[in-house]
Amino acid sequence: MKIVADQNMLMVEQCFGAFGTISYVPGRSICAADIADADMLLVRSVTQVNKALLEGSSISFVGSATIGTDHIDQEYLAQSGIEFAYAPGCNADAVVQYDLSVLSRLQPNWQQCTVGIVGCGNVGGRLYRALSNLGVSCNVYDPFLNADSGFNLTDFDTVLGSDIICVHTPLTTSGPHPTKHLFNAEVLARIDPDSLLINAGRGAVIDNTALLELLERGSSLRVALDVWEGEPRVSLPLMRKVSLATPHIAGYSVEGKARGTEMLAQAFKRLIDVEPYTLAEQPKTVAKLRAETLSELILESYDVSQDDLRMRQAMAASSDIALTFDLLRKQYPERHEFSCYKFSSDTEATQPELKAQALKLGFCE
């Protein structure tokens, strides 16, 4: 069996090496010629998997190590008899860590704020539970959820009135509730300019042109963007206006990437009727972190401002914005989730509340 995989995927050899030979290709440049005689294609979100790519190939299985599927033409796969699997929730913990890092940087009193969550699936749901466990008031807008979902469901206007708005909806262009440009000029104008808007879902859910125009008119709205309309050709004028800018890396933890590949391997094993197994837990190095507040502890584990600085410096020196955006992702430094850290303090006995909060977020005991 011949397997073609995005070179940025982790654990491919460990999870799929027993099934055939693996060729690694940059995800955004995977083309029909690369997979013409391949049996399996493993991708991330930057590869558009559709008829133009697959027609005439021998691909029988496509796996996407991502939580979203808007880059996959699932209808074409089904019509062509190509099996498909993806990895919902694989990097949700990393994205929650990203959100909390943004809050810790831009909203010092975030635990006393109201947080609105747009889209409460794997990521939004986990964010809701993390915040609720800390006593943070949350409002949720997700028209696909029922009243018995366990979330505090509200209407869209109520969410727009929150102190902090976190966008975690997939990108859709059809159906009863399409999300493309859900945050258009009219909606953006309704957000309180003292609020904080975070998008770590899909770039085109926010109309980037309308957002830039709003900020250029002098709005004090603080914005953190990890995803951008038109990636990898991001808007530099918009990047300069937002409070925090990162190159679609909210979910880029080592654990999240490895988890995504393993989920695809599990799906493939079930497909070929091989007993699925869970990879042996890799020895995890637990680092001890010291802090006086929860925000300090979160930033010790992951400080989003470092990614913001890295992106701004790289873009300022770049002659090819798209290439630089992809290189920032390809060369992203090793990052670990809360579970790889432990709160430690000489005065830990006098900080039981901080220790309890850390445990609620998933820090080690």
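Looking only at residues of the range 206-223 that are among the small types (G, A, S) and under 20 Å from G161 (Cβ atoms), we find that the one that is surrounded by the fewest Cβ atoms within 10 Å (Cβ to Cβ) is S220.
Within the range 188-208, the presence of a residue that is of a type outside the set (V, I, T) and more than 25 Å from R105 (Cα to Cα) is excluded. Checking the stated criteria, C138 turns out to be modelled with pLDDT of 95 or more, farther than 27 Å from Q306 by Cβ, part of a strand (DSSP E or B) and touching a strand residue (DSSP E or B) at 6+ places or on another chain (Cβ under 8 Å). For the range 302-365, the helices (runs of 4 or more DSSP H) that sit wholly inside it and include 1 or more residues that are closer than 30 Å to K241 by Cβ and touching a strand residue (DSSP E or B) at 6+ places or on another chain (Cβ under 9 Å) are 304-316.
Residue-level analysis places D320 outside the set of residues that are of a type in the set (D, E, K, R), over 16 Å from F343 (Cβ atoms) and either buried (at least 19 other Cβ atoms within 10 Å of the Cβ) or in contact with a Gly (Cβ under 6 Å, 6 or more places away or on another chain) (or both). Does S162 count as over 29 Å from H336 (Cβ atoms), out of contact with any Phe, Trp or Tyr (no Cβ under 8 Å at 6 or more places or on another chain) and surrounded by 23 or more Cβ atoms within 10 Å (Cβ to Cβ)? The answer is yes for S162. Taken over the range 118-137, the criterion of being under 16 Å from A200 (Cβ atoms) and more than 17 Å from the chain's Cα centre (by Cα) is satisfied by L131 alone.
All but one of (1) over 23 Å from N91 (Cα atoms); (2) at pLDDT 95 or above hold for S174, so report the exception by its number. Unmet for S174, out of (1) over 23 Å from N91 (Cα atoms); (2) at pLDDT 95 or above: (2). Pairing each residue of the range 208-225 that is outside the structural domain of D308 (by TED's automatic domain parsing) and on the phi > 0 side of the Ramachandran plot with any residue that is surrounded by fewer than 19 Cβ atoms within 10 Å (Cβ to Cβ) and assigned to a helix (DSSP H, G or I), provided the two are 6+ apart or on different chains, yields no C-beta distance under 8 Å. Scoring D99 on the criteria (1) within 14 Å of the chain's Cα centre (by Cα); (2) surrounded by fewer than 18 Cβ atoms within 10 Å (Cβ to Cβ); (3) acidic (D, E) leaves a single failure, condition (2). Being in the same structural domain as L197 (by TED's automatic domain parsing) and of a type outside the set (V, I, T): is that true of S101 here? It is true that S101 is in the same structural domain as L197 (by TED's automatic domain parsing) and of a type outside the set (V, I, T). Any residue at all in the range 98-118 that's farther than 24 Å from F363 by Cβ, in a loop (DSSP other than H, G, I, E, B) and not basic (K, R)? Taking every residue of the range 98-118 in turn, none turns out to be farther than 24 Å from F363 by Cβ, in a loop (DSSP other than H, G, I, E, B) and not basic (K, R).
This table checks each residue for (1) among the β-branched types (V, I, T); (2) under 27 Å from L10 (Cα atoms); (3) without any contact (Cβ under 8 Å) to a residue 40 or more places away in the chain.
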site: V46; (1), (2), (3): yes, yes, no
site: L53; (1), (2), (3): no, yes, yes
site: S80; (1), (2), (3): no, no, yes
site: V95; (1), (2), (3): yes, yes, no
site: L106; (1), (2), (3): no, no, no
site: G116; (1), (2), (3): no, no, no
site: V123; (1), (2), (3): yes, yes, no
site: P143; (1), (2), (3): no, no, yes
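If you check T173, T169 for being in a loop (DSSP other than H, G, I, E, B), among the hydroxyl-bearing types (S, T, Y) and surrounded by 20 or more Cβ atoms within 10 Å (Cβ to Cβ), only one passes: T169.
The values are calculated or read from the model by the stated rules, or taken from the named source; none is laboratory data. All values reported here derive from a predicted model rather than from experimental measurement. Cβ atoms come from the backbone with ideal geometry, glycine included; neighbour counts cover every protein chain shown.
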